[in-house]
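Just below is one structure, and these are the notes that go with it.
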Amino acid sequence: MNETSLRDFFDRIGPWPTKTVAILGVGPGDPGLITVKGALRLHEADVILYDMGHCPPDIWTLIKPEAEQVFMGRVNDGPRMKSNEVADLILPHYQAGRRVAILKSGDPIVFNRGERDALALAAKGMGFEVVPAPTSALAAASYAGIPVTDRRSIDAVSLAIGKPTRDAGIADPDFAAMAHTGTLAVYMGEQNVDGICRILTDAKLKSSTPVAMVENATRPSQRVVRGDLSCMAATVAGAKISKPALLFFGQAANADEQLRWFEHRPLSGQRVLITRAKQQASRTVGLFRSLGAEVVEAPTVKIDWVAGSDPKNAALTEAVAAIGEYDWLILTSANAVDVLLSNLRDVRQLAGVKIAVVGCGTQRRLREAHIRADAVPAQSHTESLAKHLGEETLQGKRCLLLRSDLANELLPKMLEGLGAVCDNLVAYYTRSTDTIAQETVDDLKAKKIQWATFTSPWTFNNFIALLGEHANDILTDLKLASMGPSTSVAIRRSGQQPTAEARQHDADGLVQSVLDRHLAT
Ligand code: SAH
């Protein structure tokens, strides 16, 4: 699908209906399982109410920066906000014409009170729509190889709630009847495995009936514990399952091993630390995820744009306004392309300017803006760019370089050595972050992260600085993946060796190098 047809498709789903609150399911954890309609609504929402402890973090990248987020979940097992209180909270926003979304994990109306919220909104005269999403049991079944309906032998599936303490006046579900007719999936049964197994055993379900428990379904940390009715309670107790988890009873729980695709992906079980700046990490994160790795983001650098009254901004704006007067524009990062594009008033200003690019990521970003580079050296480093252009091209020519404040003087010096006249401008600042999450440090110390990836010398050096006294201990056994020669130099300088080095110096090349190395061992 090209970009235009994707836009057409979105247009046909339609914008937010006026005077409507969206009760919106986000799916069970894999951010890709929100529906397209759900994603579009979330992207448009002005106010977002959520009550999940486990809202898939990536879905926040969909929301507008100015959207208001309201957490209405329980704090320390405190009282849950009632549906009519939620409706009261929404009413003034609704009356002011704001687009309000109530987010729900999984599907909004499967064990999630979406219907209560809907009725409370209606009682106060507010319109609503319900945007469904895969419910966790069915998604977990797909991800864990549990064919809840198997056309040869299982033709019913039941969804039940397994909480031992329930609302007064409602009888417990008839687990036995459901398990006798097909696959039984139990939500909220994490604390009650023993009780449910006992009910089923007493109801004469065979002790060899397969049982599976799926923890953190569809998330990279998904874990499946399998057993049978006779041993499951003990197995689950031994496996120390945490919330959220689902139970499955019936033949489907022990189906063909080949259906377990999620566990069999090339990087399944590998946890990978990504140290590059948040704004630049999405592609790397996605590539690792689609290979099955669990990604832990710990940006050791951040990008600050040159902006506002910063004198460097005046220089930048002036240079870009007069860009037609340069012979060559030199771009060495995707960030530089972003800065160029956001400062450019009309792309035709670039008509007479030649563009030289270092790095596949830089080239890709430029291509996305339908701009072709005139010169791309085969090797993605500074010296090769100067060599690639050569004296014949550069003699007497005006060059504009848009780079990070940390970029060294080598490139402009080399270009000037070849006769060019350079304006070397700071387009953005690469700053070190000042903390790394304690949880990440603990995981690193406990060797629960196998790989760390570095896309520049700064990401590596700052990583070491952030770890402080723990650095040596943590670096032992941690596999280090490097974006290219200059990053590898920084790694070697610290006495370590890169385990993998990208041959193609971009996100794709980096991920490929980790995959190749992993498969080779
Ligand atoms: N509306 C949700 C269910 C909310 S009830 C849905 O449609 O999925 C909360 C229960 O759902 C949890 O106790 C757990 O049993 C189950 N659950 C939700 N997300 C899960 C996940 N990612 N992995 C396993 N179980 C999950």
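Just so it is clear, none of the values below were taken in a lab; they were calculated from the coordinates. Remember, it's a predicted structure, so these values are computed and weren't measured experimentally. Quick reminder, even Gly has a Cβ in these numbers, built from the backbone with ideal geometry, and neighbours come from all protein chains shown.
Worth a mention:
- Counting only lysines at least 8 places from LYS204 when in the same chain, those with an alpha carbon closer than 27 Å to its own are LYS163.
- Beta bridges per DSSP with both ends in the chain, % antiparallel, nearest 5: 30 percent
- Qualifying lysines (Cα of each under 20 Å from Cα of LYS445; at least 8 residues distant if same chain): LYS479
- Per DSSP, loop trypsin sites (Lys or Arg not before Pro) in region 251-284 with at most 13 further Cβ within 10 Å: none
- Counted charge near THR382, where neighbours are those whose Cβ lies closer than 11 Å (Asp, Glu -1; Lys, Arg +1): +1
- Extension gain (nm, one decimal) between TRP305 and ASP202, 0.36 nm per residue minus Cα-Cα: 30.5 nm
- Computed about its Cα centre, the charge dipole of region 3-134 is approximately 340 debye, with only Lys, Arg, Asp and Glu carrying charge at their Cβ.
- Cross-linked pairs LYS104/LYS124; LYS64/LYS447; LYS19/LYS64; LYS104/LYS206: Cα-Cα separations exceed 25 Å for LYS64/LYS447; LYS104/LYS206.
- Among the trypsin sites (Lys or Arg not before Pro) found in region 2-72, those both in a DSSP coil and sparsely packed, with 15 or fewer other Cβ atoms within 10 Å of their Cβ, are LYS19.
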